[in-house]
Amino acid sequence: MTILITGGAGYIGSHTCVELLNSGHDILVLDNFSNSRPESLDRVKELTNKSFKIYKIDLLDKAAVEKVFSENEIEAVIHFAGLKAVGESVEIPVHYYHNNITGTLILIDVMQKYNVFNLVFSSSATVYGIPQQVPISEEFSLSATNPYGRTKLMIEEILNDVYVSNNNWSIALLRYFNPIGAHESGLIGEDPNGLPNNLMPFISQVSIGKLSELKVFGNDYTTPDGTGVRDYIHVVDLAKGHLKALEKIVTFNGVEAYNLGTGKGYSVLEMIDAFEKASGRKVPYVIGPRRPGDIAECFAKPDKAERELGWKAEKGIKDMCIDSWKWQSQNPEGFQTNEHRNKYASTLKS
Ligand code: NAD
Ligand code: UFG
């Protein structure tokens, strides 16, 4: 199948490109590199020994998006492109709504024009808002607590409307829990701009010495050790979930939501402990106040994905931490420099 990957240079997109190429699919990547670097795609090529077209295009540029569809026989789209920083979305909501929602509207419009009706969309566990209970299943009520979350919720609703208007559509809404880890090669991984917002890249940067200590956001939650509990999922497991979703959508018309999580929650303190074991380094931390908007506990009931997609997360917390550390220690500056990668490549060859 020829698949267009929007946002394919990003963290989850690049890992999904690897899995798709290794499974024999043809891919095209569309990205404006607003939160990623072309080097990630060089490494995808290196890892898979396969080539593919890369379009440096903004989804908001409809004419450019149309050109991609007119030049290629696209059969399905995996739509990762979007902005994702919760705090930033509160500061610049219009930019988030425009980028994420208008970008998606343009994509859908062009897909319809070119009769491409297979779509896998990157949604998020954030659409469950403040869940009434855990584990969270797909039929829980949906809400949003910030503009970023509202873009995901609105796009899910838009996609439902689009299907009602045209029953040719086959759409999977993949609600990711907390993706962490990196490809086991250490060649691709998460490369946040500036100070990381999320726990795992923050811990990794403390471990490598780029940041002095982690601030634990609250230890007075109603959880076993008082710190926030999340469902961390290895990014390679998540990437594989996209292949399973693709296989599924070509068999039905409609819109289906799937939780992609492990079903198990870990606290912040448990994550620190697991990372210290994986890296052999201490992670200095202090307990700070709660982060506004954070919830105590969030983990998935992933049964629907197992039942309907035949997908189940395979990697545990140890692999997640080992692979995050490998990526961070081999690429202390992320994709900015090839020096460490070259060093690593020469040790592999010898
Ligand atoms: P990322 O920022 O690494 O990747 C997103 C990619 O989209 C980047 O390469 C960026 O340059 C590109 N992009 C953004 N706006 C674009 C536009 N207008 N035109 C073209 N390209 C554009 O993020 P990620 O972690 O890989 O997340 C991928 C998707 O999954 C996002 O939609 C995100 O909201 C969603 N998601 C992520 C998480 C997470 O914790 N990482 C959790 C749930 C959902
Ligand atoms: N945390 C800290 N210190 C930090 C960063 C995080 O203690 O420096 C804690 C948080 O309070 C939370 C846990 O670590 O308890 C995980 O926080 P993250 O920021 O890594 O992840 P969130 O669960 O808050 O949110 C992430 C994405 C959202 C997405 C959600 C569900 O940032 O966009 O997962 O997919 F919606």
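Some observations on this one:
- Considering GLY186, GLY149, GLY194, the condition of being within 14 Å of ligand 1 (Cβ to nearest atom), assigned to a loop (DSSP other than H, G, I, E, B) and small (Gly, Ala, Ser) is satisfied by GLY194 alone.
- Restricting attention to segment 4-22 and to residues that are among the polar types (S, T, N, Q) and within 12 Å of ligand 1 (Cβ to nearest atom), the residue that is farthest from SER185 (Cα to Cα) turns out to be THR6.
- Scanning segment 305-328 for residues that are assigned to a helix (DSSP H, G or I), surrounded by fewer than 21 Cβ atoms within 10 Å (Cβ to Cβ) and in contact with a Gly (Cβ under 8 Å, 6 or more places away or on another chain) turns up just one, ASP319.
- Within segment 20-49, if we keep just the residues that are over 25 Å from ASN193 (Cα atoms) and of a type outside the set (A, V, I, L, M, F, W, C), the residue that is farthest from ligand 2 (Cβ to nearest atom) turns out to be ASN49.
- Taking first residues from segment 183-200 that are aliphatic (A, V, I, L, M) and partners that are part of a loop (DSSP other than H, G, I, E, B) and surrounded by 21 or more Cβ atoms within 10 Å (Cβ to Cβ), the Cβ contacts under 7 Å between residues at least 6 apart in sequence or on separate chains come to ILE188/ALA182.
- The conditions of being within 14 Å of ligand 1 (Cβ to nearest atom) and either aromatic (Phe, Trp, Tyr) or over 18 Å from the mean Cα position of the chain (by Cα) (or both) are met by TYR176.
- Test: residue in segment 203-213 that is within 13 Å of ligand 2 (Cβ to nearest atom), touching a residue at least 24 places away in the same chain (Cβ under 8 Å), surrounded by fewer than 17 Cβ atoms within 10 Å (Cβ to Cβ) and outside any strand (DSSP E or B): yes
A quick yes/no check of all residues on (1) out of contact with any strand residue (DSSP E or B) (no Cβ under 8 Å at 6 or more places or on another chain); (2) over 27 Å from ALA300 (Cα atoms):
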residue: VAL44; (1), (2): yes, yes
residue: ASN49; (1), (2): yes, yes
residue: SER70; (1), (2): yes, yes
residue: ALA125; (1), (2): no, no
residue: GLN133; (1), (2): yes, no
residue: PRO147; (1), (2): yes, no
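- Close contacts from segment 61-86, counting a first residue that is of a type in the set (S, T, N, Q) and a second that is more than 9 Å from ligand 1 (Cβ to nearest atom), with Cβ to Cβ under 6 Å and a gap of 6+ residues or different chains, come to ASN72/LEU28.
Each reported figure results from applying straightforward, stated rules to the coordinates on display, with no laboratory input. Quick caveat: nothing in here was measured; it's all calculated off a predicted structure. Cβ sites come from the backbone with ideal geometry, for glycine too, and all protein chains shown count toward neighbours.
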